[in-house]
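Inspection log for the structure reproduced underneath, given as structure tokens.
The values are calculated or read from the model by the stated rules, or taken from the named source; none is laboratory data. Given the structure is predicted, the values throughout are model-derived calculations rather than measurements. Here the Cβ positions follow ideal geometry from the backbone for every residue, glycine too, while neighbour counts run over all protein chains shown.
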Amino acid sequence: MRVWIDADACPRLARDQVVKFALKRGFDVVLVAGQPVARPNFACVKLVVVPSGPDAADDHLVEQAQPGDLVICSDVPLADRLVKKGIAALDPRGREFDERNMGERLAVRNLFTDLRDQGQMGGGQSAYSDKDRQSFANALDRILTRLAR
């Protein structure tokens, strides 16, 4: 099993949490980014910098991740592609993407994109909180346990 991280958009605290789990449980972590990012200095952590371009990191994740792996991402269209391929996906705030919730998650994402484009809404996500970090750690533990079976 590998845990892949869309490192361009993943909060550092969530990446650090994945590395702690990797050290305890003995799995590899692959950070995928469109530009160099800080890589923890552990043998179990690898960094892949893909050529810049639209969706280059997303395409790499979809091509390389396999069923039984986990991908950490906040990109809903990327998560949809992964789930359709049978790959577990989790956002850094602890919400798992799956077949049951993808339709709703895509619809909400598209609605918010439309509202932002029309100027009726601004901004992105709120700051990454301790509650987010704890929710992520709990969900990560649950999914890793399920995938290890």
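Residue under question is C44, and the condition is that it be touching a helix residue (DSSP H, G or I) at 6+ places or on another chain (Cβ under 9 Å) and buried (at least 19 other Cβ atoms within 10 Å of the Cβ); does it hold? Walk me through how you get there before you give the answer.
Values: touching a helix residue (DSSP H, G or I) at 6+ places or on another chain (Cβ under 9 Å): yes; buried (at least 19 other Cβ atoms within 10 Å of the Cβ): no.
Taking the combined requirement at face value, the residue does not satisfy it.
Every residue in the range 63-81 that is surrounded by fewer than 16 Cβ atoms within 10 Å (Cβ to Cβ) and either acidic (D, E) or over 19 Å from N101 (Cβ atoms) (or both), please.
Taking the range 63-81 as the starting set, the residues that turn out to be surrounded by fewer than 16 Cβ atoms within 10 Å (Cβ to Cβ) are 63-64, 66-68, 77.
If the condition is that a residue be surrounded by fewer than 16 Cβ atoms within 10 Å (Cβ to Cβ) and either acidic (D, E) or over 19 Å from N101 (Cβ atoms) (or both), then E63, Q64, Q66, G68 are the ones that fit.
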Self-check item: Identity of the residue in the range 12-38, touching a strand residue (DSSP E or B) at 6+ places or on another chain (Cβ under 6 Å) and surrounded by fewer than 16 Cβ atoms within 10 Å (Cβ to Cβ), that ends up modelled with the lowest pLDDT
Solution: P36
Quiz item: Can you pull out the residues in the range 39-58 that are within 23 Å of K85 (Cβ to Cβ) and at pLDDT below 95?
Solution: P51, G53, P54, D55, A56, A57, D58
Exercise. Taking A9 as the residue in question, decide whether it is small (G, A, S), under 17 Å from the mean Cα position of the chain (by Cα), modelled with pLDDT under 95 and surrounded by fewer than 16 Cβ atoms within 10 Å (Cβ to Cβ).
Key: no
Quiz item: Given the residues L78, L111, L140, L61, which is the only one that is at pLDDT below 90 and among the aliphatic types (A, V, I, L, M)?
Solution: L111
